[in-house]
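Notes for the one structure printed next.
The values are calculated or read from the model by the stated rules, or taken from the named source; none is laboratory data. As the structure is a prediction and not an experimental result, all values here were calculated from the model. We place every Cβ from the backbone using ideal geometry, glycine too, and count neighbours over all the protein chains shown. Heavy atoms of the whole protein, side chains included, go into the accessibility calculation; ligands, DNA and RNA do not. Shrake-Rupley method; radii C 1.70, N 1.55, O 1.52, S 1.80 Å.
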Amino acid sequence: MAGSSVKPTPILKDELDIVIPTIRNLDFLEMWRPFFEQYHLIIVQDGDPSKIIKVPDGFDYELYNRNDINRILGPKASCISFKDSACRCFGYMVSKKKYIYTIDDDCFVAKNPSGELINALEQHIKNLLSPSTPFFFNTLYDPYREGADFVRGYPFSLREGAPTAVSHGLWLNIPDYDAPTQLVKPRERNTRYVDAVLTVPKGTLFPMCGMNLGFNRELIGPAMYFGLMGDGQPIGRYDDMWAGWCMKVICDHMGWGVKTGLPYIWNSKASNPFVNLKKEYKGIYWQEDLIPFFQSAVLPKECVTVQQCYIELAKQVKEKLGKVDPYFIKLADAMVTWIEAWDELNSSGEKSSKSTSK
């Protein structure tokens, strides 16, 4: 814009896309303007494609609705969920950038205990650009942060760390609870700001929340499929969980790390616990089988790309979880379709392959 002062170029400006799933006007971007304005946005419009979504002026974005998804993917569009925020993973697929940050449209800028606005994106980038420590836990948490280091007794051979694939951020105000917990604690709010970033240890699963999440698309992108949720499916609100469990098994196999902790965003809106219970109840029941499945999943050493790992995982899902419910047979097929669609849209790029050092 003529006459405006030149803004400093933010880190990874041309290497990162911000992916936002939405069904409404994106007024929330106004408060994120100082942090997001110079980045490219990919907006995935869910629901009625004829509805016009308004985006504030000054943002560089592309917007995809269901008609666009059907046009671009053809029959393979069946793997992208409808009427569920799981549709966001289409944005991961069409991005051409090395990194992705995804955020929900009811997430606002949080403040740290000193009252300063938190640049969540900047912290995610710091997390992703520094190594992880999945093979040995450091009691001072992230040793690569300023003012921290490896403690006495930490093996020197492991101090180089591992590439970081995922940065999982947290939320102040409305906690990310399941419906039963929401129902018994309707007024609970998260006010605890913990100034820490941890690497999730190898062999440990965690519940991944997709509302404030960064990842290295070049490394782990093909594994970040948010499953079949929402319209026509027996389950919802497990899209990010499913992606997180698949991703973690693959990161453990590939020798990559996953961080959780900072940055915080302000989760502004509590969703309806009764609606949530309807979406979640099968998942709450099924997860007692899902977690042991992922805890015991082993990928053969022949799997050296993320795509190969994911196809192998889909095979195991079909064989073992197909007995839990026929839904998992359909989901396993969709996992394969997702990889086929990913490879078609990203055919010129290198496949994410295993790092040589552990």
Worksheet item: Residues in the stretch 121-142 that are touching a Leu at 6+ places or on another chain (Cβ under 6 Å) and either part of a loop (DSSP other than H, G, I, E, B) or open to solvent by 10 Å² or more (accessible area, probe 1.4 Å) (or both): how many?
Response: 4
Worksheet, complete the sentence: If you go through 68, 60, the only one that is over 22 Å from residue 210 (Cα atoms) and in contact with a His (Cβ under 7 Å, 6 or more places away or on another chain) is 60
Fill in: Scope the stretch 153-203; condition part of a helix (DSSP H, G or I) and surrounded by fewer than 16 Cβ atoms within 10 Å (Cβ to Cβ); matching residues
156, 157, 158, 180, 181, 183, 184
Item to complete: Could you list, in sequence order, all residues of the stretch 204-229 that are crowded, with 22+ Cβ neighbours inside 10 Å and more than 15 Å from the chain's Cα centre (by Cα)?
Response: 228, 229
Discussion item. Among (1) part of a loop (DSSP other than H, G, I, E, B); (2) on the phi < 0 side of the Ramachandran plot; (3) surrounded by 16 or more Cβ atoms within 10 Å (Cβ to Cβ), there is one condition residue 253 misses while meeting the rest; what is its number?
Written reply: (1)
Fill in: Residue count for the stretch 256-281, restricted to those that are over 22 Å from the mean Cα position of the chain (by Cα) and either within 26 Å of residue 193 (Cα to Cα) or of a type in the set (Lys, Arg) (or both)
3
Fill in: Residue under evaluation residue 82, criteria (1) of a type in the set (A, V, I, L, M, F, W, C); (2) in contact with an Asp or Glu (Cβ under 9 Å, 6 or more places away or on another chain); (3) under 27 Å from residue 255 (Cβ atoms), criterion not met
(3)
Worksheet item: So, of the residues in the stretch 230-244 that are in contact with a Pro (Cβ under 9 Å, 6 or more places away or on another chain) and surrounded by 24 or more Cβ atoms within 10 Å (Cβ to Cβ), which turns out to be nearest to residue 179 (Cα to Cα)?
Response: 240
Discussion item. Restricting to the stretch 42-76, name every residue that is among the aliphatic types (A, V, I, L, M) and touching a residue at least 60 places away in the same chain (Cβ under 8 Å).
Written reply: 72, 73
Worksheet item: Do we find a residue being over 21 Å from residue 110 (Cβ atoms) and touching a residue at least 24 places away in the same chain (Cβ under 8 Å) anywhere in the stretch 33-41?
Response: yes
